[in-house]
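Written below as structure tokens is the structure these notes are about.
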Amino acid sequence: MSGKLFVVGFGPGDEKNMTFWARDCIEKSNVVIGYETYIDLIRHLLDGKEVIETGMTEEIDRAKMAVEKAQSGNIVSIVSSGDAGIYGMAALIYEILLESGWRPGMNPDVEVVPGITSASACAALVGSPLSLDFAVVSMSDLLVPWELIEKRVRAAAAGDFVIVIYNPLSKKRTWQLQKTRDIIMEYRSPDTPVAVIKSAFREGQKIKVTTLKDMPNAENLGMLTTIIVGNSTTIYKNGIMLTPRGYSSKYTVPDFSSIIG
Ligand code: SAH
């Protein structure tokens, strides 16, 4: 019997940010596989299912297990936080399948279920910093050499992209953020607004807006932190971080102050 494999992104971690489709796939599955911290976040949906939890470094085993379980006729969800296609499990699943000669139409049937990624979840918590072109960079040099990460940061900085940083630091990786700050400051003001968001939409959520020069010393840095570095036009005003779309220089923005009072 042919099986089914859903590669599910369940959003930043809370109920309301999970799509109906993601929830539906998890509910339909008889096997759910994921990193133990992620499984904890969706435990309430898993009654009566076979649940396979693995450690953080066991991604390849997890992906192989998901493929095998689905190939043997199960309905399987392999879960990632955020979007499963953004630093998530979807690529690994397809790499394993393609290597084995699989193509669409063969067993298992695969569907990638998109979710709200950390960039959009975190942006929404501080205002609207991603309203113009932005670039996303992960600081993790486990699989990508640091020289290449640096090259990408420099290109994004030179192009005046708002820059979203995933995986800003870990216990072993502490100096990269300072180097990143120094590169971006070659192109941008040290006072550029920077949002540092930890555990968005999860227990222990922390939001701080600081400046580029202070970024490496910000509170809230950790494995569950996303950073948003503004571009040359980004402002921080009355608690809102905003990259204006530019309408105010094209048209006169109406003065609502009399209505708002
Ligand atoms: N697939 C995920 C990203 C996984 S990489 C997604 O689309 O969001 C792991 C990184 O994601 C973390 O180091 C952190 O930068 C970010 N992240 C994941 N969950 C987060 C959350 N709830 N709040 C802030 N950042 C988060």
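Read-outs throughout are calculated quantities, based only on the coordinates presented, and are distinct from any laboratory measurement. No experiment lies behind these values; they were computed from the predicted model shown. No Cβ is skipped: glycine too gets one built from the backbone with ideal geometry, and neighbour counts run over all protein chains shown.
Determine, from the Cβ-Cβ distance of R43 and A91 and an R0 of 35 Å, the FRET efficiency 1/(1 + (r/R0)^6), rounded to the nearest 0.05.
Working: r = 26 Å, r/R0 = 0.74.
About 0.85, to the nearest 0.05.
On full extension of the chain, what length is gained from S2 through S189, given 0.36 nm per residue of separation minus the C-alpha to C-alpha distance? Please report the intermediate quantities before stating the final value.
Numbers: separation 187, 0.36 × 187 = 67.32 nm, distance 5.67 nm.
Between S2 and S189, full extension yields 61.6 nm more.
What is the calculated FRET efficiency for Q178 to S249, with r their C-beta to C-beta distance and R₀ = 35 Å, to the nearest 0.05?
Working: r = 35 Å, r/R0 = 0.99.
Once the sixth-power term is evaluated, E becomes 0.50.
Have a look at the DSSP beta bridges in the range 1-148 and tell me what percent are antiparallel, nearest 5. Don't skip to the answer; put the middle values down first.
On the way: 1 of 20 bridges.
Within the range 1-148, antiparallel bridges account for around 5 percent of the total.
Could you derive backbone 3J(HN,Hα) for the range 206-216 from the dihedral phi with the Karplus parameters 6.51, -1.76 and 1.60 (θ = phi - 60°), listing whole Hz in sequence and x where the residue is Gly or Pro?
9, 10, 9, 10, 10, 10, 4, 5, 8, 3, x
Set the Förster radius R0 to 30 Å, insert the Cβ-Cβ distance between E53 and K206 as r into 1/(1 + (r/R0)^6), and round the FRET efficiency to 0.05.
Numbers: r = 26 Å, r/R0 = 0.87.
E(calc), rounded to 0.05, equals 0.70.
Need the C-alpha centroid separation for the range 190-233 versus the range 1-74, integer Å.
30
Dividing the Cα convex hull volume of the chain by residue count, how many Å³ per residue is that? Working shown, then result.
Values: hull volume 42.7 nm³, N = 261.
So the per-residue hull volume is 164 Å³.
Where does the chain land at 222 nm, in deg cm²/dmol rounded to the nearest 500, when only DSSP H runs of n ≥ 4 count, each adding -39500 (n - 2.57), divided by all residues?
Working: 9 runs with 78 residues, N = 261.
Helices in the chain give a 222 nm mean residue ellipticity of -8500 deg cm²/dmol.
Relative to the first principal axis of the alpha-carbon coordinates of the chain, what is the inclination of helix 146-158, with its axis defined by its Cα atoms, in degrees from 0 to 90 and to the nearest 10?
Orientation of helix 146-158: about 40 degrees from the principal axis.
Lysines within cross-link reach of K16: Cα-Cα under 27 Å, excluding same-chain residues under 8 positions apart?
The qualifying lysines are K4, K28, K49, K198, K206, K208.
Using DSSP to call loops (not H, G, I, E or B), can you name the chymotrypsin sites (Phe, Trp or Tyr not before Pro) in the range 167-244 whose Cβ has at most 11 other Cβ atoms within 10 angstrom? Each step should come with its number before you reach the end.
Details: sites: W175, Y187, F201, Y236; in loops: W175, Y187, F201.
Within the range 167-244, the qualifying chymotrypsin sites (Phe, Trp or Tyr not before Pro) (loop, at most 11 other Cβ atoms within 10 Å) are W175.
The range 97-176: which trypsin sites (Lys or Arg not before Pro) are DSSP loop and have at most 13 other beta-carbon atoms within 10 angstrom? Walk me through the numbers before you get to the answer.
Details: sites: K151, R152, R154, K171, K172, R173; in loops: K171, K172, R173.
Loop-located and lightly packed - K171, K172.
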